Structure formats: C-alpha cells, structure tokens
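The next block holds one structure in the form of structure tokens; read it before the comments.
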Amino acid sequence: MQPELERSPPAPFFNAPASVVWLCAALVVAHGLRLISPNGWQDQAFYWLALIPERLELMLNGAGRDAYGVVSFPVALVGHVLLHGDWMHVLLNAGMLLALGAPVARRQSGARFMLIFLVAAAAGALTFFALRLPDGAPAIGASGGVSGILGAAFLIMAGPRAGWPELVSRSFLQTSGAFLILNILLAVFGPTLFGAGIAWDAHLGGYVAGAIAMAALSGRR
C-alpha cells in the first residue's frame, strides 16, 4: 500500500494584501451606493467631493456662495477618489490597484500604503487645479491616487531599496518617460476614444507624489 501524498493548501484567490483589497472594495461599494441613492444625494456627493475648478477660483477670489471652504476643500482633495463616472471607470481603477498595489503594500505597512495613495490623490488634485483654473471641467475618480501607486511600484522595480537614489536611476526615468508619453496621448486622443476628457494632469501629479512618498518612507529605518 503506497503512502498518501501530502497535499499542499490551495492558493488564495486574491494574492494582494488586505489593504489593497479593502481599498478596491471601498471604491466599488462607494460607486454602487451613489448609483442607488436618490438624485439629490448624488448631486450633493458630487458637489462636496468632485474637483471643481470654478469653486476654487471663487475661494481664491474670496467671493461666491459656492466657493470651497476651509473644510470642503481638503475633503475634495481626497474625497474625489470615491466618485466615478461609470462602472468601467471604477473597475479599471480598482483593477489597476489590484495589479500594482500588491508590491507597494508588501513593502510598506497597510497604513503607509494608504498614506501613499492619499498623498498622491491630493497632489494629483492640486496639479489638476493648477492647470485647469479658472473654468476647467470638473474631475472625479481615483486615477491620481492609482498613478501614485504606479509610481511607487515602478520605484520598487528600479532598485531593491526603492529610496532616493532610484528616483534618478535610468530604469525609473525610462518608465516615467513612458508614463508621460502615455498621458500626452490620452490628453490628445482620450476624448475621442473614451467620450470624455482625461485628467492627465492629475495622473502626472499623483505619479510624482507617489514616487516621492515611496522614496521618503523607504529611506526611514
């Protein structure tokens, strides 16, 4: 009688760390809740969370009842990640987070992974505002934060420490150049291909901020 072979446990369906999975779930659930909520609530969510250059312009000029306030402006800088145009939009961002966020979350703790994402989202929003004032179209979506995670992941690929030296390495600069070219193409052809404008400036601002945040966190003992 032959001995029974020892069976290895089945591989988990999700290989990504819990922080990545929970963030993706939050984006998807937030979009679903917004779709089933009353129209008035959807309008309020857009008013409070979307990046609206006109509201910032009113705030800077110190006039207008719809101007951002000391609370609503910081809320919009990070809250816009919870709003998406449609299911394709949110699933694309969630899918990219699942694919790219795993190496970043494994290198950092869950809290630091979220910090990189939120810093990148805020930096992408500020870049968007800087280039779209005074009357640019509003923007929503988590792509600025996702671009920051992409920058952090590329930094890990550039070197084992993913610290400050890798920011100027040939490998990281080459991949960053490809990311820049991709966003230039999105800015030119995105409206025709996708039927809507692409916040390429938020992508670039988030990418740079995510890479810098990753380098700063990796440089600490």
Mean separation of Cα contacts under 8 Å (6+ apart) over length of the chain, as relative contact order %: 24 percent
Between 0 and 90°, nearest 10: helix 18-36 axis offset from the chain longest Cα axis: 40 degrees
Amide proton proximity set for Ala16, modelled H, under 5 Å, gap of 5+: none
Packing rank of 204-215, 173-184, where each peptide gets the mean count of other beta carbons within 10 Å, highest leading: 204-215, 173-184
Where only C-alpha atoms are counted, convex hull volume of the chain per residue in Å³: 178 Å³
Length released on extending from Val168 to Gln44, taking residue separation times 0.36 nm less the Cα-Cα span: 40.3 nm
Per-residue HN-Hα couplings for region 116-128 [Karplus 6.51, -1.76, 1.60; θ = phi - 60°; Hz; x = Gly/Pro]: 4, 4, 6, 4, 5, 4, 5, 5, x, 5, 5, 5, 4
Accessible solvent surface per residue of the chain, calculated while the other protein chains remain in place, 1.4 angstrom probe, Å²: 56 Å²
Cα shape, region 85-191, gyration tensor, a/c 1.5 rule: prolate
Exposed GluC sites (Glu not before Pro) absent - longest run of the chain, DSSP non-H/G/I/E/B, at most 11 other C-beta within 10 Å: 7-221
Rg/Rh for region 135-221, where both radii come from Cα atoms and Rh is the Kirkwood radius: 1.05
Of all accessible heavy-atom area on the chain, the percent that carbon and sulfur account for (1.4 Å): 68 percent
Cα Rg over Rh - region 30-135, Kirkwood: 1.02
Per-residue ³J(HN,Hα) for region 44-55, Karplus 6.51 cos²θ - 1.76 cosθ + 1.60, θ = phi - 60°, Hz, x for Gly and Pro: 5, 4, 5, 4, 8, 10, 6, 8, 10, x, 4, 5
For His84, distant residues with modelled amide H under 5 Å away: none
J(HN,Hα) series, region 75-85, from Karplus relation 6.51 cos²θ - 1.76 cosθ + 1.60, nearest Hz, glycine and proline x: 4, 5, 4, 10, x, 4, 5, 8, 9, 9, x
Region 45-132: trypsin sites (Lys or Arg not before Pro) in DSSP loop, at most 12 other beta carbons within 10 Å: Arg65
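The values are calculated or read from the model by the stated rules, or taken from the named source; none is laboratory data. Everything numeric in this text was worked out from a predicted model, so none of it was measured. Glycine gets a Cβ as well: all are built from the backbone with ideal geometry, and neighbour counts include every protein chain shown. All accessible areas refer to the heavy atoms of the entire protein, side chains included, with ligands and DNA or RNA removed. Shrake-Rupley method; radii C 1.70, N 1.55, O 1.52, S 1.80 Å.
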